[in-house]
2 protein chains.
Amino acid sequence: MPIKKDLTQKQKEVLRFIYDSIRGNNLPPTIREIASHFGFKSTGTVRDYLTALVKKGYIKVSANKSRAIELVKEALFSIPIVGQVRAGLPTLAVEEIEGYLNLDSLVFSDESTFALRVKGDSMIEAGIMPDDLVLVRRQDMAQTGEIIVALIGEDATVKYLKRVNQDYFLEPANPVYQPRKVDGSVSIIGKVISVVRRF
Amino acid sequence: MPIKKDLTQKQKEVLRFIYDSIRGNNLPPTIREIASHFGFKSTGTVRDYLTALVKKGYIKVSANKSRAIELVKEALFSIPIVGQVRAGLPTLAVEEIEGYLNLDSLVFSDESTFALRVKGDSMIEAGIMPDDLVLVRRQDMAQTGEIIVALIGEDATVKYLKRVNQDYFLEPANPVYQPRKVDGSVSIIGKVISVVRRF
DNA sequence: TTTTATACCACACATATGATTGGAATGTCA
DNA sequence: TGACATTCCAATCATATGTGTGGTATAAAA
């Protein structure tokens with residue numbers, strides 16, 4: 001889910017390594033650690049990459065400080081908060097990203113996880129209120145009884161998945177609304193793994 | 001859960017600085033950065049602190065790597081999840097800590113913030129379900145309309161704070177329960193700033 | 001009393017690490 | 001074509017940084 005597309009493939013790999021290093025080791029890499037990971041034989045090569053990444057706005061580096069590589073703001077790998085979901089999934093359009101939720105280790109932010117802001121009160125009896133954020137792990141299958149995110153046409157909806165005989169239904173947690181049968185126009189895009197609300 | 005030995009006041013300050021450095025700068029400090037922050041004139045002094053913190057289980061350090069100070073999970077500054085709250089607040093007894101919620105930058109986990117597991121359904125219409133975690137910022141005052149955590153005798157309870165004329169009430173979000181007037185037996189211990197639920 | 005932990009210092013050493021300079025090959029774009 | 005970005009290399013330099021040795025002083029614990 002790249003935000004900006006102006007990185008080369010190799011630059012992406014370097015950025016990814018920096019990201020993994022920070023998330024995995026709790027420590028940004030040194031220039032030589034980057035070099036040895038990619039088999040570069042010169043630190044100058046790494047410097048070229050770092051200056052490119054700085055110039056393109058993905059990282060910041062501080063002079064004369066070891067490991068002083070910082071991921072910039074809403075960089076590549078934080079979880080995007082999407083205000084609405086369109087049929088284009090799993091490719092999230094940039095305009096739909098509402099902000100970024102930095103959950104760090106709460107969620108293992110692999111690229112298949114995102115957060116969705118809930119609209120409407122159809123899940124209110126499940127404790128999911130309008131404007132809550134639901135954390136969604138992208139998957140196209142789900143168990144009955146799980147809370148899922150489904151796409152109906154271009155609209156994303158959060159519902160229980162229920163099975164009756166051979167048929168599946170999207171069931172709201174609000175008696176005001178009716179269940180809807182899962183047919184060809186409905187696709188499951190993920191499972192709700194967490195709810196976060198902030199006051 | 002491993003029992004950790006007590007830290008001296010100065011050791012706490014050093015640990016706190018390491019923590020702030022990681023959270024604030026996204027980078028653990030070097031030995032000399034620690035030294036200069038505290039005015040230590042020898043790196044040996046810092047090494048003494050680090051070895052003490054390692055031995056007591058608060059940090060890990062890797063040999064021959066710069067800035068390789070790692071906070072051990074469930075360390076001092078993660079947010080404790082308390083299963084119940086007793087009158088002893090704001091000193092949380094260790095036995096009451098149910099686990100640790102690592103929220104990193106979601107919440108600025110100063111020492112006045114903790115998480116409380118909700119029991120009961122008295123706030124169900126506010127979308128706070130049994131077993132949810134509420135993040136609580138410790139404070140003894142609150143505005144009317146805010147969701148607060150109050151202590152009634154030895155029991156912690158999550159309720160709306162409402163004002164009617166001169167009186168304050170703890171008001172549940174569930175018609176099954178009755179509001180309760182705030183009197184001398186009730187003390188406000190914090191304000192709910194977030195709700196987190198995991199499936 | 002002896003031992004251990006705490007809390008500092010001075011000084012030196014080895015190396016980890018970030019700059020820097022200069023070059024080369026390749027491809028893109030105006 | 002020429003300017004420029006990308007992607008590598010070699011080699012060197014300066015210093016940032018972790019480590020080690022050996023102290024002093026105080027207080028608590030065994």
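The values are calculated or read from the model by the stated rules, or taken from the named source; none is laboratory data. Model, not experiment: these values are computed from the prediction. Please note: Cβ atoms are built from the backbone with ideal geometry, for glycine as well, and neighbour counts cover all protein chains shown.
Some observations on this one:
- Verdict on A:GLY83 being surrounded by fewer than 18 Cβ atoms within 10 Å (Cβ to Cβ), more than 14 Å from chain B (Cβ to nearest Cβ) and at pLDDT below 50: yes
- The set of residues in the stretch B:18-31 that are out of contact with any helix residue (DSSP H, G or I) (no Cβ under 6 Å at 6 or more places or on another chain), without any contact (Cβ under 8 Å) to a residue 40 or more places away in the chain and either surrounded by 14 or more Cβ atoms within 10 Å (Cβ to Cβ) or within 14 Å of chain A (Cβ to nearest Cβ) (or both) comprises B:SER21, B:GLY24, B:ASN25, B:ASN26, B:THR30.
- Residue pairs meeting the criteria (Cβ under 6 Å; at least 6 apart or on separate chains; first more than 9 Å from chain A (Cβ to nearest Cβ), in the stretch B:57-69; second near DNA strand C (Cβ under 9 Å from one of its atoms)): B:VAL61/B:ALA68
- Annotation: B:GLU111 fulfils all but one of (1) modelled with pLDDT of 80 or more; (2) not in a strand (DSSP E or B); the unmet one is (1).
- Options A:GLU13, A:GLU33, A:GLU70; residue that is among the acidic types (Asp, Glu) and over 21 Å from the mean Cα position of the chain (by Cα): A:GLU33
- Top-ranked residue in the stretch A:20-55 [being away from DNA strand D (no atom under 11 Å from the Cβ) and not in a helix (DSSP H, G or I); ranked as farthest from B:VAL72 (Cα to Cα)]: A:PRO29
Let's see how each residue does on (1) assigned to a strand (DSSP E or B); (2) touching a residue at least 60 places away in the same chain (Cβ under 8 Å); (3) within 11 Å of chain A (Cβ to nearest Cβ); (4) within 18 Å of A:PHE199 (Cα to Cα):
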| position | (1), (2), (3), (4) |
| --- | --- |
| B:MET129 | no, yes, yes, yes |
| B:VAL158 | yes, no, no, yes |
| B:TYR168 | yes, no, no, no |
| B:VAL176 | no, no, no, no |
| B:VAL195 | yes, yes, yes, yes |
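- Entry remark, the stretch B:37-54: residues being more than 7 Å from DNA strand C (Cβ to nearest atom), over 14 Å from B:LEU71 (Cα atoms) and buried (at least 17 other Cβ atoms within 10 Å of the Cβ) number 1 in total.
- Scanning the stretch B:3-13 for residues that are at pLDDT 85 or above, surrounded by 14 or more Cβ atoms within 10 Å (Cβ to Cβ) and away from DNA strand C (no atom under 11 Å from the Cβ) turns up nothing.
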